Amino acid sequence: MKQAAAFLGVIITLAVGYFVYREELAPQPGHPSTTLQQIDTVGVTSDLLAIGQAERLYLASHGSYGSVEQLQADGDIAFSGVNRRGCNFTADVDGGQHFRITATPADPAKSGPALSVDETMEVKKP
């Protein structure tokens, strides 16, 4: 009888805990909901930072920022900006003044955040 009462107490405690924390357990809008999406987001962030650093090197050697294709042709990045990790990378450059690299999902049906990095090297949603 004591074991049944203890088991029932554990079940009730778990149920109360679930109802208290269920909102925190649910996926939040704008946040990756699966582990694979989180890994993709971390990978895309890493790629954006690598491209941002390549832009800085390109500016130092050429006097202006370059497109993703120019960075690849110059050897500053070792990957294509087309469909990398399920994203397309595009560069908006303003000569030697500003740049913004944007990663957007290659598949429009894919749910994933668009991210960007600029000359401040801060990755954010555009």
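Work out how far the C-alpha atoms of the range 35-124 reach from end to end along every principal axis, then list the three figures in whole Å, largest first.
40, 24, 19
Can you compute the FRET efficiency between residue 83 and residue 124 using 1/(1 + (r/R0)^6), with r the Cβ-Cβ distance and R0 = 25 Å? Round to the nearest 0.05.
That gives a FRET efficiency of 0.65.
Would you work out the charge dipole size for the range 35-124 about its Cα centre, treating the Cβ of every Lys and Arg as +1 and the Cβ of every Asp and Glu as -1, and quote it to the nearest 20 debye?
For this selection, approximately 260 debye.
Out of the range 52-114, which chymotrypsin sites (Phe, Trp or Tyr not before Pro) are coil in DSSP terms and have no more than 14 other C-beta atoms within 10 Å?
Of the chymotrypsin sites (Phe, Trp or Tyr not before Pro), the ones in loops of the range 52-114 whose Cβ has at most 14 other Cβ atoms within 10 Å are 79.
Throughout, read-outs are computed from the coordinates displayed, never taken from laboratory work. Just so it is clear, the model here is predicted, and its values are computed rather than measured. Cβ: placed from backbone, ideal geometry, glycine included. Neighbour counts: every protein chain shown.
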